[in-house]
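The values are calculated or read from the model by the stated rules, or taken from the named source; none is laboratory data. These figures come from a predicted structure and were not determined experimentally. Ideal geometry is used to build each Cβ from the backbone, glycine not excepted, and the neighbour counts take in all protein chains shown. When the accessible area is computed, the model is the full protein with side chains, heavy atoms only, and any ligands, DNA or RNA have been set aside. Shrake-Rupley method; radii C 1.70, N 1.55, O 1.52, S 1.80 Å.
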Amino acid sequence: MDLAPREHPLNADPATQLRLLELQDKDTRLTQLAHRAKNLPDSARLADLQARWARLRDEVVAAETIAGDLELQQTKADQDVEQVRERARRDQDLLDSGAIGDPKQLQSLQSELASLARRQADLEDVELEIMERVEGAAAAVAQLTTQRDELAQERDELAVDVRDQLGVIDSERQTVDADRAALAVTIPADLLTLYDRIRGDHGGVGAAPLHRGRCEGCRLELPPNEIEDLRAAPPDAVIRCEECRRILVRTPESGL
């Protein structure tokens, strides 16, 4: 058995020491609530949805850029085809007018019309290919946009659920915080300071009950000689576990 702390012994009536266990319960619950708030399964799912939505958003922008470039190419292809058609119409009108009597000029005009027809066919093939690519790009934009919007809706709905869950946790945390504060003022300052210091150094547990000869802080059985020392210790002596150095609180279930 170790009277606590080593620097100088502390004394507190048994009822105060029992309240220390109540305080520990509050602190343990606050730790649990903080862990729960930080590790909500839906929070992880929400983060995943947000990441997926961000990727889809970028994919939509990229697809829209491709579609826009293809539309410019289609406009250019349409203009090229129209220019050739207009040239061919003018040449055909000239040919049909009978204004050209020179056989060589007439042959040259007919040759140009044949060349324009081939050029128009080639350009129309290019135009058709670009149109098909434009349609494919537009379909991709539409599909990605739908996926992005559906994911955004799912994300927003889940965000509301997460907010509500965190609200419930925070409400309980405020209640436990208030209860802890009310308990803390009933504990002597030197004992509370010792408890808080130990709690900070030992994983959030500063005080533990002695239960049937075992420290519930480190879960180790006390040797018989320490049990005897505990029996002989004054009821108001603040004792520490020799193994884990936590404050060891005697209760009716201590087995003494």
Any hit, segment 96-104, residues being assigned to a helix (DSSP H, G or I), more than 30 Å from LEU222 (Cβ to Cβ), hydrophobic (A, V, I, L, M, F, W, C) and more than 26 Å from the chain's Cα centre (by Cα): no
Selection from segment 54-72 of residues that are farther than 17 Å from VAL134 by Cβ and open to solvent by 50 Å² or more (accessible area, probe 1.4 Å): ARG55, ARG57, ASP58, GLU59, VAL61
Some residue of segment 139-161 being modelled with pLDDT of 95 or more and either over 53 Å from the mean Cα position of the chain (by Cα) or over 22 Å from VAL60 (Cβ atoms) (or both): yes
Checklist (1) in a helix (DSSP H, G or I); (2) modelled with pLDDT under 95; (3) farther than 25 Å from VAL141 by Cα applied to ASP125, failing item: (3)
Unique match (being open to solvent by 60 Å² or more (accessible area, probe 1.4 Å) and either in contact with a Ser or Thr (Cβ under 6 Å, 6 or more places away or on another chain) or hydrophobic (A, V, I, L, M, F, W, C) (or both)) among LEU113, LEU128: LEU128
PRO235 being assigned to a loop (DSSP other than H, G, I, E, B), open to solvent by 70 Å² or more (accessible area, probe 1.4 Å), without any contact (Cβ under 8 Å) to a residue 24 or more places away in the chain and farther than 30 Å from ALA34 by Cα: no
Checklist (1) open to solvent by less than 40 Å² (accessible area, probe 1.4 Å); (2) farther than 30 Å from ALA54 by Cβ; (3) in contact with a helix residue (DSSP H, G or I) (Cβ under 6 Å, 6 or more places away or on another chain); (4) modelled with pLDDT of 95 or more applied to ARG173, failing item: (1)
Conditions (1) part of a helix (DSSP H, G or I); (2) open to solvent by 30 Å² or more (accessible area, probe 1.4 Å); (3) closer than 30 Å to LEU21 by Cα; number of the one not met by LEU144: (3)
Checklist (1) open to solvent by 70 Å² or more (accessible area, probe 1.4 Å); (2) out of contact with any helix residue (DSSP H, G or I) (no Cβ under 8 Å at 6 or more places or on another chain) applied to ASP161, failing item: (2)
